[in-house]
Amino acid sequence: MPGRRPTRFDGRLGLRKFAQRFVHTAAALLALRCGAAAAAAYAPGETALDPPPSSGTEAAEPLQAAANGNGIQWSLAPWRTSGSVSLDARWLRLEDGTRSTLGLLYNDVDFSTHVWQPWFIQLRAGLGTLVARDTTRGPAAPEASNTSTALTGRFSLAAFPLSRFPFELRTELSDSRVRGDSLGTDYRSERISLTQSYRPELGSESYQINVERSRLRAIDGAVDTVDSVRGTALREFADHSFELTGWLSRNQRTDSDERNRIASLAARHTFHPASSLHVDTMATWNDVQLRSGDAASRFDSASDIRQLSSFATWRPRDGEWLYSKDAPLYLTGSARIVDATVESSAAQQHVRTLNGALGASQDLTREWRIAASASGTQAEQDGAPTLYGATGNASATYTPQGLNLGAWRYTPSLGATYGVARSSDAGSRRTLGAQLAHGVSRGLAWGDADSVSLNLTQSLGALHDSQTQIWSRAIAHSAGIYWQGSGAGASQSYAGLSVSDSRTWAQERGSFQLVNLQLSRRTQLSRYASWSGNLTWQATRSDTTQIDAFTGTQRDAGLGWQNFTSGSLNYEHQRLFDVPRLRFTALLAANSQQLERRALGDVDAPRERITASLENRLDYAIGLLETRLSARLVRFDERSVASLFARVQRRY
């Protein structure tokens, strides 16, 4: 916004189209309001709009029969109107010293009615007018002022809203200055949405399709458009269930020429008979096309991934083959086909893989369990020979019952693994490993409402690889403390802190650390005051690439500590200073990894990506008069903005 010269919204064409459609719709509704037309019968019997029975005249009998047969009367109920007029003032200050002042007068009128009956067709419309004066002062630019006017409007139609096949149409033209929550460039929002659902009178199935378009038009002429189409279908019968979902979204921005397209289609079949057999099959298709940067530094990428997978589990029950009461058996099987094409500005790559796996585990006793698995893989890549691979693994674990050591609970476990792998590019590989883990835990009760639990674990692992002839050794420690409490039903609290550290020795040393903190609390301070908050903080670090001795997989190195923070803190007082209807609200929110939600197809996402926000708000209402005073400090898109917002609104 530095150096921005306030300009008038150049949206006259969109406003003219919207106004024309609104006038045409209103004229059509008024024409319908003037009279009634007969239609095919919808429900038998008399309705509230049927004419009264005739008194003995033969000429009136056909009229009464026709009235009873119509059912539907195409006339509008009396209009219900409401509205509000508001006077707003907003002050903004950016971190570069730019200041802006906005004064706004806004009047909004809402109309609602229905055709024949409320459950038949519901209509709602709204029209708003605003007059705004914006003044901007920059540190190195002269003061500039601008006066502008604009229209807002909305229309919705709901047909059979309480039926098995409801339909809804919504259109809206709004202005960010009216809401008062815009902290960057002011913009206008155009949105249209259609939703159609259906479910039969009998049967377990449902269908729905939703089409939406959201367009944000900034004051500087930049346009951000999101189109979304989503459909779902679900059907269940006997032991089968079928589900089909499809989604398509497109995001386009004129200021940066960014274009994103995401399409996905998934079909799922689940077979769940009364026995313990369960089969889940899914076919998916995902197509992602991304464009970022300007013409000089443009980057295009596209990925097309098709996948067919099936996963089955079976635990024999009494009377079935392989059933054993003393040694229960659990069998799994999976098959997967993946065909992927990844294309960027530099290269294109096509990969196809086929994988099948079988696994079995059996509890020999309450302490001993054995497991075995086998899998085969085929991979084809453009410009490279076909790769084949097969693996086999066997393991045994010993988990005795825990021991009570005073107030502590001690739980040990011991395991051994043996694996064989062969691939066409790397030859044969055998691994032999052993793992030992033990831990202690303790629970403490404080009074009747609070409890604390402590967990300490240590794990040792060793893995030998026949290809490198190197023993990989690892040791890991973890500690956790968790607290839950409630104060006489007026508050609920939770706090958890977990820390883990693992170190590996092979060709070189490596380490991995993870710290996770979670806090949440809700407290009713008094009859009118309460506060709530939650915080999640996580940090990880991996300083080298090593073979994990616990799992046999390779862990990639990171660039120092990677931090993630997310949290919110809310305080609310419904009767500040003991003044009725004077409400105070404080809101604090932070998220260190805010995603670009509009690029991902979220039509409800705002234009700005806010990573931190602090707001204090006062609301006061006297009858139909409402007032608001808000002070806010926000961090978004690597910029800081301070704002002060005041509103006086009268409803009628």
Selection from region 77-114 of residues closer than 16 Å to L624 by Cβ, surrounded by 14 or more Cβ atoms within 10 Å (Cβ to Cβ) and of a type in the set (V, I, T) yields V85, V109
Got at least one residue in region 303-310 being farther than 22 Å from E258 by Cα and either in contact with a helix residue (DSSP H, G or I) (Cβ under 6 Å, 6 or more places away or on another chain) or in contact (Cβ under 8 Å) with a residue 40 or more places away in the chain (or both)? no
Residue identified as of a type in the set (V, I, T) and under 23 Å from R509 (Cβ atoms) among T468, T411: T468
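Residues to consider are Q492, Q484, Q435, Q518; find the one that is in a strand (DSSP E or B), under 41 Å from the mean Cα position of the chain (by Cα) and surrounded by fewer than 16 Cβ atoms within 10 Å (Cβ to Cβ). Full working, then the answer.
Numbers: Q492 fails: surrounded by fewer than 16 Cβ atoms within 10 Å (Cβ to Cβ); Q435 fails: surrounded by fewer than 16 Cβ atoms within 10 Å (Cβ to Cβ); Q518 fails: surrounded by fewer than 16 Cβ atoms within 10 Å (Cβ to Cβ).
Exactly one residue qualifies, and that residue is Q484.
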Test each condition in (1) open to solvent by 20 Å² or more (accessible area, probe 1.4 Å); (2) touching a Gly at 6+ places or on another chain (Cβ under 9 Å) for I192 and report the one that comes out false. (2)
So which residues in region 362-412 are assigned to a strand (DSSP E or B), open to solvent by 50 Å² or more (accessible area, probe 1.4 Å) and of a type in the set (D, E)? E380
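So for region 211-224 (the condition being in a strand (DSSP E or B), more than 30 Å from D134 (Cβ to Cβ) and either open to solvent by 50 Å² or more (accessible area, probe 1.4 Å) or modelled with pLDDT of 95 or more (or both)), does at least one residue qualify? Please lay out each step first, then the result.
Looking only at region 211-224, we keep the residues that are in a strand (DSSP E or B), and these are 211-218, 223-224.
Adding the requirement that they be more than 30 Å from D134 (Cβ to Cβ) leaves 211-212.
Cutting the leftovers down to either open to solvent by 50 Å² or more (accessible area, probe 1.4 Å) or modelled with pLDDT of 95 or more (or both) gives us 211-212.
For region 211-224, residues in a strand (DSSP E or B), more than 30 Å from D134 (Cβ to Cβ) and either open to solvent by 50 Å² or more (accessible area, probe 1.4 Å) or modelled with pLDDT of 95 or more (or both): present.
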Quick one: is R170 over 30 Å from L587 (Cα atoms), exposed (fewer than 15 other Cβ atoms within 10 Å of the Cβ) and charged (D, E, K, R)? no
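Quick one: how many residues across region 626-638 are part of a strand (DSSP E or B) and open to solvent by 70 Å² or more (accessible area, probe 1.4 Å)? Can you show your working first?
Filtering region 626-638 down to residues part of a strand (DSSP E or B) leaves 626-636.
From what's left, open to solvent by 70 Å² or more (accessible area, probe 1.4 Å): 628-629, 633, 635.
Number satisfying all stated conditions: 4.
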Matching option when the condition is closer than 30 Å to A490 by Cβ, surrounded by 14 or more Cβ atoms within 10 Å (Cβ to Cβ) and either free of Cβ contacts under 8 Å to residues at least 24 places away in the same chain or among the β-branched types (V, I, T) (or both), among V452, V440, V420: V452
Provide a single number: the residues in region 413-432 that are touching a Phe, Trp or Tyr at 6+ places or on another chain (Cβ under 8 Å), part of a strand (DSSP E or B) and among the hydroxyl-bearing types (S, T, Y). 3
Can you work out which of the residues in region 225-252 that are among the basic types (K, R) and modelled with pLDDT under 95 is nearest to F167 (Cα to Cα)? R235
Scan (1) surrounded by 17 or more Cβ atoms within 10 Å (Cβ to Cβ); (2) at pLDDT below 90; (3) part of a strand (DSSP E or B) for the single condition A605 breaks and write down its number. (3)
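The values are calculated or read from the model by the stated rules, or taken from the named source; none is laboratory data. For clarity, every value in this text was computed on a predicted model and none was experimentally measured. Cβ coordinates were reconstructed from backbone atoms using ideal geometry, including for glycine residues, and neighbour counts include every protein chain displayed. Only protein heavy atoms, including side chains, enter the accessible area calculation; ligands, DNA and RNA are left aside. Shrake-Rupley method; radii C 1.70, N 1.55, O 1.52, S 1.80 Å.
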